[in-house]
Amino acid sequence: DSCGDSVVLGCMIDIATNYNPEANTDDGSCIFPPLGTLSFGDIDVWVGTLEVNLDCEYPVQEFVIDISGLNITGCYGGASEDAGFTIDLDGTTFTGTSNGDYIPEHSGLLFVLTFESINEEDVCFDSSSITTSANIQYEAILDECLLVNMGCTDMYALNYDNEVEYDDGSCEYANYR
């Protein structure tokens, strides 16, 4: 006498790193490898814009991205705007949520970040959480930090540096009386 097949709990999604081909009941334990990358595009320190790119293997329904090194004021454009996403900014964290449409896979430019000032020489992705249209959640592979050469840009200052990209307010002047 047999009461039927035994229940084998496990991850039943084959792209997960802990996929269990023996499982017959999904227990919600799936762990997914990075399915995409976040990278920085062009930065314009004078206008205060920085491109943020996402290359994901699947359509995206939600993202949470934390970026440090900037006094961030908002964002516009890109695939997130084209898909009609609602984007909330809380300090340095962007949360983008679908309003019905998804960001297409391999879309490239996610949005253009706007900033008021640069706080640190390194602008970095600190963390991310990407949720695909199939409800697969993963952390993207994060691009290397973007180095912004900061210093004095005033050619009349004593410590002028012609290789500096962004003036950090450190210019020093002779004191003639």
| Members of the range 8-54 that are open to solvent by less than 20 Å² (accessible area, probe 1.4 Å), more than 26 Å from the chain's Cα centre (by Cα) and farther than 21 Å from residue 129 by Cβ | 10, 23
| query | In the range 73-87, how many are in a strand (DSSP E or B) and open to solvent by less than 20 Å² (accessible area, probe 1.4 Å)? | reply | 1
| remark: Apart from one, (1) in contact with a Pro (Cβ under 6 Å, 6 or more places away or on another chain); (2) modelled with pLDDT of 95 or more all hold for residue 17; the odd one out is (2)
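Rundown of residues vs (1) β-branched (Val, Ile, Thr); (2) open to solvent by 70 Å² or more (accessible area, probe 1.4 Å), yes/no style:
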residue	(1), (2)
111	no, no
118	yes, no
124	no, no
130	yes, no
144	no, yes
152	no, no
156	no, yes
171	no, no
| query | Is it the case that residue 54 is touching a helix residue (DSSP H, G or I) at 6+ places or on another chain (Cβ under 8 Å), assigned to a strand (DSSP E or B) and not small (Gly, Ala, Ser)? | reply | yes
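The values are calculated or read from the model by the stated rules, or taken from the named source; none is laboratory data. What you are looking at is a predicted structure, and each value in this text was computed from that prediction instead of being measured. All Cβ positions, glycine included, derive from the backbone under ideal geometry; neighbour counts span all protein chains shown. The protein model used for the area step is the full one, side chains on, heavy atoms only, and it has no ligands, DNA or RNA in it. Shrake-Rupley method; radii C 1.70, N 1.55, O 1.52, S 1.80 Å.
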